[in-house]
Amino acid sequence: MMLSRDGARIVFPLLLFLLLLLPLRDGFTDDGYIHIQYANNLITRGEYSFNPGEVSFGTTSPLWVFVQAVLGFPFGGGDALVHTSRVISWICGFLVIVFLYVLVRKLGGSPQTAVFAALAFASDAWLARWTALSMETSAAVLVVIWAGMASIDAYENPRSAWRMGFFIAIAALIRPEAYLLFVVYIAALVLRPGRVEKECIARTILVSAALIVPWLLFAKLHIGSLMPNTAAAKSGGWSFDVSVYKRQIVTLAKIIGSTQGIPAIAALCSVVFLNRKSRILSEPFRFVLLWTIVLPLAYVLYDFQVLSRYMLLTTPFVCVFGFLAVEEIVQRLDLRMSSARLVLGVFTAIILVVNAVFYFSVVVPPSKAFAYDLNHRLRSIAEYVRDHSEPGAVVAARDIGYVAFYSDRRVMDLGGLVDPVLNRIGEQHSYDEIVQNGLFLDIEEYPRVDFLIDMEKQPNRFDGRRMKGYRFESLLVQRIDNLGIRKPGPYFYTLYRLHKEDG
């Protein structure tokens with residue numbers, strides 16, 4: 001088996017990846033808390049909800065929620081879910097490196113090219129960050145790589161066709177944008193020049209439907225929605241504005257360029273200078289090549305708020321393209337084996353240096369600082385609410401995951417991620433307009449609001465204010481140095497008690 005023959009070669013990439021994870025080993029995210037809050041309610045109440053008793057679709061990864069619920073059930077949920085998230089995320093991250101190596105080999109790359117590619121992607125700053133922060137990202141990346149591997153002969157090999165359908169469906173249940181894999185599958189089918197085995201197509205569709213349709217029925221009947229609220233909250237909708245396209249393209253270029261820019265350039269050079277002779281344009285690459293084009297294009301056209309972890313669904317293939325392009329160029333130059341190894345080694349070394357500098361100077365400091373603030377300072381706010389309120393109290397907040405998980409109180413989601421009512425308000429008003437004008441105090445579904453956690457660069461800005469029959473009293477302030485890489489601080493999270501005034 002390929003893994004047993006080549007296993008020793010990927011030890012160094014795996015060790016490198018481990019070293020990159022360690023600085024962020026205690027990290028977590030508010031989105032992560034949202035997912036495990038849903039998992040916790042599945043365990044304790046048997047319902048897909050954020051606020052107990054209020055079924056909603058506020059997660060991007062339903063399968064991740066169910067997996068966490070299954071693994072956390074023996075422990076009764078709670079803090080155990082943080083640990084199960086971390087364990088699965090890390091395992092999937094390591095498997096990403098292993099199967100990227102296998103993908104290069106299956107696409108015709110030599111063992112040395114495969115190990116260099118694995119080493120380069122093991123150094124990817126975004127993969128290390130999101131794996132360490134225990135999101136579903138590494139699991140999604142792994143399954144998309146598996147789908148890419150199956151696609152090589154899925155149109156004529158029945159076994160690969162089964163696997164293709166399975167991996168496409170699983171990917172879609174982990175990340176909603178992976179539903180586009182179905183579109184890419186059809187597009188690759190249409191563009192095939194040769195004969196297609198109809199049995200293979202039927203198998204792929206059958207397996208995908210067998211997994212996806214039950215979930216869609218559950219989502220519609222139990223939750224009432226086929227797609228997560230976050231899809232609307234993080235998108236501006238279809239856009240025909242050229243300025244939006246330019247802004248989105250710049251964002252995508254920065255994300256890809258910061259970690260896999262060099263392989264991307266190598267792949268483009270192969271396509272430009274070799275044209276149709278480029279290996280990247282050959283039949284085995286068609287599905288993954290279309291995927292790396294279609295997904296970013298959808299983000300641009302739909303004006304999606306693209307985060308670095310979203311592009312990790314394509315950057316493994318960018319890395320693979322780049323290394324196979326360099327290998328192809330080296331072969332065409334007919335270099336000696338030692339010279340070819342030197343070229344690949346230098347190419348890899350440059351990628352390693354770029355990622356190391358970016359990771360330790362740009363990614364780690366704010367990520368580590370916010371992880372500490374989230375798990376200590378912000379958690380203390382939620383625990384204060386829990387200890388100083390009755391069970392029926394309502395907390396209005398923008399960052400909601402940690403609040404719900406540690407306060408055990410009903411949360412009003414001012415960001416509109418889990419609540420469709422607040423989502424509709426958020427489509428028309430900014431967060432600042434919602435809190436400054438007290439729009440969150442006029443919502444029929446929330447007849448009482450007991451606390452507000454305000455996030456701003458100014459602390460205590462509402463202390464003593466009277467608004468719509470409430471008086472705001474500041475109880476606690478926590479300084480947060482940053483909200484991640486793109487939001488340097490400091491920010492202040494101020495906890496207010498809202499006193500209902502007579503008359």
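Since every read-out is calculated from the coordinates, none of them should be taken as a lab result. Predicted model, so just to flag it, every value in this text is computed and none were measured. Glycine gets a Cβ as well: all are built from the backbone with ideal geometry, and neighbour counts include every protein chain shown.
Please list the three semi-axes, largest first and in whole Å, of the ellipsoid equivalent to the chain, using sqrt of 5 times the eigenvalues of its alpha carbon gyration tensor.
Working: eigenvalues 377, 122, 86 Å².
Largest first, the chain gives 43, 25, 21 Å.
Which whole-Hz couplings ³J(HN,Hα) result when phi for each residue of the stretch 241-255 is put into the Karplus expression 6.51 cos²θ - 1.76 cosθ + 1.60, θ = phi - 60°, listed in order with x for Gly and Pro?
With coefficients 6.51, -1.76 and 1.60, one gets 8, 4, 5, 5, 4, 4, 4, 5, 5, 4, 4, 5, 5, 5, 5 Hz.
I need the chymotrypsin sites (Phe, Trp or Tyr not before Pro) found in the stretch 145-209, filtered to DSSP loop residues with at most 13 other beta carbons within 10 Å of theirs.
Values: sites: 146, 155, 162, 166, 167, 179, 182, 185; in loops: 155.
Listed in order of number, the matching sites amount to none.
Normalised by the residues of the chain, what does the relative contact order come to in percent, with Cα pairs under 8 Å and at least six apart? Mind dumping the intermediate values first?
Details: 821 pairs, mean separation 80.6, N = 503.
Relative contact order of the chain: 16 percent.
Given the pairs 246/487; 368/487; 246/368; 246/457; 254/277, which are separated by over 24 angstrom at their Cα positions? Please list the in-between numbers first.
On the way: 246/487 21 Å; 368/487 14 Å; 246/368 31 Å; 246/457 29 Å; 254/277 29 Å.
Flagged as over cut-off: 246/368; 246/457; 254/277.
What does the charge dipole of the stretch 27-151 about its Cα centre add up to, to the nearest 20 debye, if the Cβ of each Lys and Arg holds +1 and the Cβ of each Asp and Glu holds -1?
Working: 5 positive and 7 negative charges, 98 e Å.
Here the stretch 27-151 has a charge dipole of around 460 debye.
What does a probe at residue 481 reach in the stretch 348-368, counting residues whose amide N is under 15 Å from the point 7 Å along Cα→Cβ?
Backbone N within reach: 360-368.
Put +1 on the Cβ of each Lys and Arg and -1 on the Cβ of each Asp and Glu in the stretch 1-92; which of 74, 39, 13 then has its Cα farthest toward the positive end of the dipole?
Positive-end residue among those listed: 13.
Just to confirm the number: angle between the C-alpha axis of helix 315-332 and the first principal axis of the chain, 0 to 90 degrees, nearest 10?
20 degrees
Loop-only trypsin sites (Lys or Arg not before Pro) in the stretch 160-265, please: DSSP not H, G, I, E or B, and at most 15 other Cβ atoms within 10 Å. Intermediate results must be reported in sequence, preceding the final value.
Working: sites: 163, 195, 198, 203, 220, 234, 246, 247, 254; in loops: 195, 234.
For trypsin sites (Lys or Arg not before Pro) across the stretch 160-265 that sit outside H, G, I, E and B with at most 15 neighbouring Cβ atoms in 10 Å, the list reads 195.
Along the charge dipole of the stretch 388-500, which of 429, 488, 464 sits closest to the positive end, that is, farthest toward it, with unit charges on the beta carbon of Lys, Arg, Asp and Glu (+1, +1, -1, -1)?
464
Please report how far the C-alpha centroid of the stretch 103-181 lies from that of the stretch 440-478, rounded to the nearest whole angstrom.
46 Å
Along Cα→Cβ, 7 Å out, is where each label goes; now give me the distance between the ones at residue 186 and residue 66 in nm to one decimal.
Output for this residue pair reads 2.4 nm.
Expressed as a rounded percentage, what relative contact order does the stretch 388-500 have, with Cα pairs under 8 Å and six or more residues apart? Show your work: numbers first, answer last.
On the way: 195 pairs, mean separation 24.9, N = 113.
Once divided by the residue count of the stretch 388-500, the mean separation gives 22 percent.
How much of the calculated P(r) for the stretch 388-500 lies past 20 Å, in percent of all Cα pairs? Don't jump to the answer; show the numbers that get you there.
Working: 2409 of 6328 pairs.
That fraction is 38 percent.
Using helices alone, what [θ] at 222 nm do you get for the chain, with -39,500 (n - 2.57) per DSSP H run of 4 or more residues, divided over all residues and rounded to the nearest 500? Mind showing how you got there, number by number?
Numbers: 22 runs with 293 residues, N = 503.
Theoretical 222 nm ellipticity from helices: -18500 deg cm²/dmol.
Restricting to bridges with both residues inside the stretch 388-500, how much of the DSSP beta-bridge set is antiparallel, in percent to the nearest 5? Let's see the in-between values first.
Details: 19 of 26 bridges.
Expressed as a percentage, antiparallel bridges in the stretch 388-500 total about 75.
Set Lys and Arg Cβ to +1 and Asp and Glu Cβ to -1, take the dipole of the stretch 353-503 about its Cα centre, and tell me which of 353, 363, 401 lies farthest positive.
353
What are the aspartates and glutamates whose alpha-carbon lies under 12 Å from the alpha-carbon of residue 198, with same-chain residues fewer than 8 places away excluded?
156
Under 18 Å Cα-Cα from residue 468, which lysines qualify once same-chain neighbours fewer than 8 residues away are excluded?
In chain and number order, the partners are 500.
Straight-line reach from residue 220: which aspartates and glutamates fall under 18 Å, measuring Cα to Cα and dropping same-chain residues less than 8 apart?
Cross-link targets: 47, 54, 419.
Mind ranking 464-472, 491-499, 412-420 by how tightly packed they are, going by the mean number of other C-beta atoms within 10 angstrom, highest first? Write out the running numbers ahead of the final one.
On the way: 464-472: 14.8, 491-499: 20.0, 412-420: 24.2.
Listed from highest to lowest mean packing, they are 412-420, 491-499, 464-472.
May I ask you to list the trypsin sites (Lys or Arg not before Pro) in the stretch 275-347 that are in a DSSP loop and have at most 14 other Cβ atoms within 10 Å of their Cβ?
Listed in order of number, the matching sites are 336.
Take the Cβ-Cβ distance between residue 349 and residue 25 as r, set R0 to 25 Å, and report the resulting FRET efficiency rounded to the nearest 0.05.
On the way: r = 26 Å, r/R0 = 1.05.
For R0 = 25 Å, the calculated efficiency reads 0.40.
Could you state the angle between the C-alpha long axis of helix 11-21 and the longest principal axis of the C-alpha atoms of the chain, as a value from 0 to 90 degrees rounded to the nearest 10?
Helix 11-21 and the main axis of the chain meet at about 20 degrees.
Which value in nm describes the separation of the simple spin-label points at residue 243 and residue 362, placed 7 Å from the Cα toward the beta carbon?
2.6 nm
Residue by residue, what Karplus-based ³J(HN,Hα) values in Hz, rounded to whole numbers, does the stretch 140-156 have, using 6.51, -1.76 and 1.60 with θ = phi - 60° and x for Gly and Pro?
Each residue's phi maps through the Karplus curve to give 5, 4, 4, 5, 5, 4, 4, 4, x, 5, 5, 5, 4, 9, 5, 8, 9 Hz.
Which value, in debye to the nearest 20, gives the size of the charge dipole of the stretch 2-366 about its Cα centre, when Lys and Arg are +1 and Asp and Glu are -1 at the Cβ? Display every interim value, and only then the final one.
Values: 28 positive and 20 negative charges, 180 e Å.
Using only the charged Cβ atoms, the result is roughly 860 debye.
Starting at the first residue of the stretch 86-95, write each ³J(HN,Hα) from the Karplus equation 6.51 cos²θ - 1.76 cosθ + 1.60 with θ = phi - 60°, in whole Hz, x for Gly and Pro.
5, 4, 5, 4, 5, 4, 5, x, 5, 5
Summing +1 for each Lys or Arg and -1 for each Asp or Glu, what net charge is found among the other residues whose Cβ lies under 12 Å from the Cβ of residue 274? List each step's numbers first, then the result.
Details: positive: 276, 277, 279, 332; negative: 328.
Summing Lys/Arg as +1 and Asp/Glu as -1 gives +3.
Quick query: amide H of residue 411 versus all other amide H atoms, modeled in the peptide plane; which residues come in under 5 Å with a sequence gap of 5 or more or a different chain?
Amide H to amide H, under 5 Å and 5 or more residues apart or across chains, residue 411 pairs with 395.
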